Every structure is written in C-alpha cells, then in structure tokens.
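Take a look at the structure set out below.
The values are calculated or read from the model by the stated rules, or taken from the named source; none is laboratory data. In this text the structure is predicted, and so the values were computed from the model without any measurement. Glycine gets a Cβ as well: all are built from the backbone with ideal geometry, and neighbour counts include every protein chain shown.
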Amino acid sequence: MLLTLLRRIGRALVPATLALSFVATGCDDTTTTAPNPDRLYNQVQRLGNPLVSEVFLAKRDHGFHGSTAPTIDVAAFTPIIRGFVDNVAGRDTTVGKTLAAVLLPDELLVQSDKATNTAGWLTWALADGWGGRKLEDDVVTAGLQAVFGALLNPNNTSPGLADDNVDANDVAFSATFPYLAAAH
C-alpha cells in the first residue's frame, strides 16, 4: 500500500519537476539581455494623440498612420490636419497651423525636468508642463475644444461640437497597477 502511494505521488511530481526544470533552465540571473538589433520587429499600431488618427484622418488612412514612424508625420499629415480644420471645421488658418504644430509628430512627449503635478495631455506644448497623459484626461473634449471651441481662437467657433458630453468616470480608478477601474 505504501509503495502504491509513493508511485502515485511520483507520477504526480514528474510533470511538476519537469516544468520547474524548464523554468529554472530559462532563468539565468547572471546575464542581462537587450533587444536584438538584428531582429526585425513589426509595428502593429501607434496612437499617441487620439485626435490625429481618430478625428483628422479618414478611416482609410488609419492603417498607414498606424504602421509608419513619427518621422514622416509632419510631411504626411500636416496638410490633412490643416485641411480638416480650415475646410471642415471652418476655422481660421492659424488654428489649423497651431494644431498641426502641436499634434505632429504624433507622440506623447514627457518633459521629466518639469513638475509632475503639471502632467496632462498636451501640457508640454500648451502650458510648459510635464506632458504625458493622465487616465482622467478627457482628451476627446479637449481636442474638440481645440478644433471647434474657443481654446485657440474665440472667433468662428461651433460650441455644439466642442464637447463629447461624456462626464468623468463613474467609477474611481484603482490605486494599484493597472489603475483602471473594473469593467462594469
């Protein structure tokens, strides 16, 4: 009976022992690795400032925008942003120029030499702030205010289009990573 029990325990331990040995073999705390410069990586998507792709670009251009590098943004997308602001939104050309200059290249910039309490979407450009993007930043409303509202120019606004009418989160963010509130 004892021999049968030992055999059962042994059969149960073999898979666990093998798995542990594979994990231990793959872990080597004595070396560090860096990205392989010879490996080719495939960029799937990028979306720093939601306005660039989601508001200004036609759906047919999303794949192109998402698969390119920010280095081509100014040349490729400045005419599109300016055309949208000038023609679709009907705003003064300075609004389109300002938005293109602030939004392109499509990157989230962080100025780590600034106070972290100045963090927020586009604060690096508009308020000499830290930059980045906080979870609670209402980037859609801020973007709509820049395009259609009085934020950049009080003339020729479209107030009805300057807010997405979505209020702040109805559930508080978590204090621990990943910080997002539970889905409900």
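Tabulated data for the structure shown
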{"quantity": "Qualifying residue in the stretch 113-123 (condition: under 20 Å from Leu152 (Cα atoms), exposed (fewer than 15 other Cβ atoms within 10 Å of the Cβ) and in contact (Cβ under 8 Å) with a residue 60 or more places away in the chain)", "calculated": "no"}
{"quantity": "Number of the exception - Gln145 against (1) free of Cβ contacts under 8 Å to residues at least 24 places away in the same chain; (2) assigned to a loop (DSSP other than H, G, I, E, B); (3) within 21 Å of Asn49 (Cα to Cα)", "calculated": "(2)"}
{"quantity": "Single unsatisfied condition, Ala172 versus (1) assigned to a loop (DSSP other than H, G, I, E, B); (2) closer than 21 Å to Arg91 by Cβ", "calculated": "(2)"}
{"quantity": "Selection status of Leu109, more than 25 Å from Val166 (Cβ to Cβ) and either at pLDDT 90 or above or touching a Cys at 6+ places or on another chain (Cβ under 7 Å) (or both)", "calculated": "no"}
{"quantity": "Which numbered condition Asp86 misses (of (1) outside any helix (DSSP H, G or I); (2) charged (D, E, K, R); (3) modelled with pLDDT of 85 or more)", "calculated": "(1)"}
{"quantity": "Positions within the stretch 31-70 being under 17 Å from the mean Cα position of the chain (by Cα) and among the polar types (S, T, N, Q), in sequence order", "calculated": "Gln43, Gln45, Asn49, Ser53, Ser67, Thr68"}
{"quantity": "Cross-chain or 6+ apart pairs with Cβ under 7 Å, the stretch 159-184 first and on the phi > 0 side of the Ramachandran plot, then part of a loop (DSSP other than H, G, I, E, B)", "calculated": "Tyr179/Leu135; Tyr179/Phe173"}
{"quantity": "The stretch 89-130 - residue that is assigned to a loop (DSSP other than H, G, I, E, B) and basic (Lys, Arg) and, of those, nearest to Arg46 (Cα to Cα)", "calculated": "Lys114"}
{"quantity": "Matching option when the condition is surrounded by fewer than 20 Cβ atoms within 10 Å (Cβ to Cβ) and under 26 Å from Pro154 (Cα atoms), among Val102, Val95", "calculated": "Val102"}
